[in-house]
Amino acid sequence: MITDEKVGKNIRLLRVAKRMSQEELGQEANISAAMISYIEKGIRPLPLKTGYLIAKALNCTVDDLIEKDYQIVGEK
């Protein structure tokens, strides 16, 4: 389980950048939209298998979700 709160933020930012709804990401990753929401909000930790499915749907790696610090352009 990955519990870093940065992960949820990274998932949200990548999802929004790809213009995907939580429903669309959930369908692509075969995960419920509610689970996507819980992970993005930091309510639930990210199971590694789920992280892999989300990363695949977002066309990135699990390492990208964990280690990078994505930000909205112009946001500090």
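If the condition is being part of a helix (DSSP H, G or I) and open to solvent by 80 Å² or more (accessible area, probe 1.4 Å), then segment 64-76 contributes only Glu67.
Looking across segment 35-63, just one residue is without any contact (Cβ under 8 Å) to a residue 12 or more places away in the chain and open to solvent by less than 50 Å² (accessible area, probe 1.4 Å), and that is Ala55. Kindly check whether there is at least one residue in segment 12-28 that is over 10 Å from the mean Cα position of the chain (by Cα), loosely packed, with under 14 Cβ neighbours inside 10 Å and closer than 19 Å to Met1 by Cα. No, segment 12-28 contains no residue that is over 10 Å from the mean Cα position of the chain (by Cα), loosely packed, with under 14 Cβ neighbours inside 10 Å and closer than 19 Å to Met1 by Cα. For segment 1-60, the set of residues classified as among the basic types (Lys, Arg), more than 22 Å from Gln71 (Cβ to Cβ) and assigned to a loop (DSSP other than H, G, I, E, B) consists of Arg44 only.
The values are calculated or read from the model by the stated rules, or taken from the named source; none is laboratory data. Given the structure is predicted, the values throughout are model-derived calculations rather than measurements. Positions of Cβ are generated from backbone atoms using ideal geometry, with glycine treated the same way; all protein chains shown enter the neighbour counts. Accessible surface is based on the protein model in full, side chains and every heavy atom, while ligands, DNA and RNA are left aside. Shrake-Rupley method; radii C 1.70, N 1.55, O 1.52, S 1.80 Å.
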